[in-house]
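Scroll down for the structure; my scribbles are underneath it.
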Amino acid sequence: MSPPTVVVGAGLSGLAAAWALSNAGADVLVLESSDRPGGVVRSEKREGFLLETGPNTVRPTPELSRLIETLGLDGEVLRADSRAKRYVDFEGELHAVPMSPGQLLSTRLLSAGAKLRLLGEPFRRAAPVSDESVRDFVARRLGPEVADRLVE
């Protein structure tokens, strides 16, 4: 009997890895420090609204769809209308996420300086940094304000 494979963290990646390892015949032990699986992904209904925490979206790839179907979770999936507006809570107010150049120019989510920095992005020649987070990449290319208010 082989020792168990330990997966640290029951977020989406940890659960998917544990499932794949188990299907390959491994004895898998998943360790999670919180009281529930899912990592930062959480859906809560409050006062008639659905609030998503963690990633803003999970891209519905064919692989993810097959996994959901195989696990028998298709009835649990809530698919958002891709045309629906998205909002960010900034300084206690909901702001529509800008989805067009016009909306980007008129949004109060970003300062004039941040908008100017966005316009200059195609001309920025920043060397790639190894092992940087998505947030750090966006901050380096588009500025910390965009990273904080639209990505993080």
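So which pairs qualify, if the first residue must be in the stretch 96-109 and open to solvent by 40 Å² or more (accessible area, probe 1.4 Å), the second must be charged (D, E, K, R), the Cβ gap must be under 6 Å, and the two must be at least 6 apart or on different chains?
Filtered contacts from the stretch 96-109: 96/85.
Just the residues that are assigned to a helix (DSSP H, G or I) and either over 23 Å from residue 85 (Cβ atoms) or open to solvent by 80 Å² or more (accessible area, probe 1.4 Å) (or both), please, taken from the stretch 136-147.
136, 137, 139, 140, 141, 144
Sort out which residues of the stretch 71-80 are open to solvent by less than 80 Å² (accessible area, probe 1.4 Å) and within 17 Å of the chain's Cα centre (by Cα), and write them in order of number.
Passing the criteria: 77, 80.
Assess whether residue 122 counts as being open to solvent by 70 Å² or more (accessible area, probe 1.4 Å), modelled with pLDDT under 90 and under 20 Å from residue 88 (Cβ atoms).
No: the conditions fail for residue 122.
Starting from residues that are part of a loop (DSSP other than H, G, I, E, B) and of a type in the set (Gly, Ala, Ser), keep the ones in the stretch 98-124 and report whichever is farthest from residue 40 (Cα to Cα).
Among residues in the stretch 98-124 that are part of a loop (DSSP other than H, G, I, E, B) and of a type in the set (Gly, Ala, Ser), the one farthest from residue 40 (Cα to Cα) is 120.
Which one of these does residue 52 not meet: (1) over 17 Å from the mean Cα position of the chain (by Cα); (2) modelled with pLDDT under 90; (3) among the acidic types (Asp, Glu)?
The one condition residue 52 does not meet is (1).
Counting just the residues of the stretch 125-135 that are of a type in the set (D, E, K, R) and not in a helix (DSSP H, G or I), which one comes out most open to solvent (accessible area, probe 1.4 Å)?
Filtering first and then ranking leaves 125.
The values are calculated or read from the model by the stated rules, or taken from the named source; none is laboratory data. Everything quoted here is computed from the prediction, not taken from an experiment. Reconstructed Cβ throughout: ideal geometry from the backbone, glycine too, with neighbour counts over all protein chains shown. Calculation scope for accessible area: heavy atoms of the full protein, side chains included, ligands and nucleic acids excluded. Shrake-Rupley method; radii C 1.70, N 1.55, O 1.52, S 1.80 Å.
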